[in-house]
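Peer 1: Right, I'll just put the structure down here and ask away after.
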Amino acid sequence: MVARAARATDLADLDGAVSDCFACPRLVSWREEVARTRRAAFRDQHYWGRPVPGLGPADARIAILGLAPAAHGGNRTGRIFTGDRSGDVLFAALHRAGLANQPTSVAADDGLTLRDTRIFAAVRCAPPDNKPTPAERDTCAPWLHRELTLIRPTLRVVVALGAFAWAAWWPALRAVYGVRPTSPRPAFGHGAHWSGTAAPDLLGCYHVSQQNTFTGRLTPEMLDDVFTRAKLLAGVD
């Protein structure tokens, strides 16, 4: 898997390779079990049931780094943050920011396109209880590192959705950019900002999960502020 990630020549090649990964037995078993049993509301749909690749243009200046696909979202539709309530919040905010052509993302063929933005996850398979392990994150890291390498020429800002994605950034920073942050590493928080001279800026944002959006821990205004700041740092109009 490490060698296959390194051989990816462009994003299309990488996306295809990601979708054919079987490196983590627990995640493979779970994603396939969910695809077989399905949720009652989607019983007539065919589930993707595989790792979910990134989404967005190769010349993105903003990257959004998430946790992992949702069992009945990306694991069902085959597109990151598509078909679940977290995605409803995220894409509505991206549309308000002028980074998406529509405010909803319900299926892989619904016409959604992103502007100056690429979305991907630290772990590419849906995990049980939405909780991948650090070991699974590390096993999946070569896909993230290669994706960052491919978009490195234009990438200016990374928005980490949640502490898990924030933690995944530091090994990627070292592997792709050869940069080590000061010790101890900067702590995650909503609105946290790390800036390096030879790497993209990093912004922290509470995850767009229901636990945060339904309780008001993350409001639309807070999310809008993050993307306004990301656009400013990235030089996106």
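Peer 1: Scan around I64 for amide H atoms under 5 Å from its own, H built in the peptide plane at 1.01 Å from N, and keep only partners 5 or more places away or cross-chain.
Peer 2: Result for I64 returns R118, I119, F120, V159.
Peer 1: State the answer as a single residue: which of V2, G78, T219 lies farthest towards the positive end of the charge dipole of the chain, with beta carbon charges of +1 for Lys and Arg and -1 for Asp and Glu, about the Cα centre.
Peer 2: Among V2, G78, T219, the one farthest towards the positive end of the dipole of the chain is V2.
Peer 1: A further question follows. Over the Cα atoms of the stretch 22-98, what radius of gyration and what Dmax do you get, in Å?
Peer 2: Taking only Cα atoms of the stretch 22-98, I get Rg and Dmax of 13.7, 39 Å.
Peer 1: Does the stretch 131-237 come out rounded, prolate or oblate by the C-alpha gyration tensor, with a ≥ b ≥ c the root eigenvalues, rounded set by a/c under 1.5 and, if not, prolate when a/b is larger than b/c and oblate if not?
Peer 2: Taking the square roots of the gyration eigenvalues as a ≥ b ≥ c, the stretch 131-237 is oblate.
Peer 1: Treat each spin label as a single point 7 Å out from the Cα along the C-beta direction, and report the A167 to A192 distance in nm.
Peer 2: 1.1
Peer 1: So for the stretch 130-174, what are the equivalent ellipsoid semi-axes in whole Å, largest first, each being the square root of 5 times an eigenvalue of the Cα gyration tensor?
Peer 2: Ellipsoid semi-axes (Å, largest first): 19, 13, 8.
Peer 1: Calculated from DSSP H runs of 4 or more alone, at -39500 (n - 2.57) each and per residue, what is the 222 nm mean residue ellipticity of the chain, nearest 500? The partial results should precede the final answer.
Peer 2: On the way: 9 runs with 95 residues, N = 237.
Rounded to the nearest 500, the figure is -12000 deg cm²/dmol.
Peer 1: Order the peptides 130-143, 98-111 from the highest to the lowest mean number of other Cβ atoms within 10 Å of their residues. Please report the intermediate quantities before stating the final value.
Peer 2: Working: 130-143: 17.9, 98-111: 15.9.
Put in order of decreasing packing, that is 130-143, 98-111.
Peer 1: Next question. Can you give the FRET efficiency to the nearest 0.05 for T182 and T133, using r as the Cβ-Cβ distance and R₀ = 25 Å?
Peer 2: The pair T182/T133 has a calculated efficiency of 0.40.
Peer 1: So what does log10 I(q)/I(0) come out to for the chain at q = 0.15 Å⁻¹, using the Debye formula with one equal point on every Cα and no solvent?
Peer 2: For the chain, the Cα-only Debye profile gives -0.99.
Peer 1: DSSP H helices in the chain with Cα extent of 15 Å or more along the helix axis and mean Kyte-Doolittle hydropathy at least 0.0?
Peer 2: Counting only whole DSSP H runs, the qualifying helices are 85-96, 163-177, 220-234.
Peer 1: Once both labels are modelled 7 Å past Cα along the beta-carbon direction, what's the S29-A58 spacing in nm?
Peer 2: It works out to 3.9 nm between the two label points.
Read-outs: derived from the displayed coordinates by stated rules, not from any lab. Bear in mind the structure is a predicted one, so any value in this text is a computation, not a measurement. FYI the Cβ positions are ideal-geometry reconstructions off the backbone, even for glycines, and counts take in every protein chain you see.
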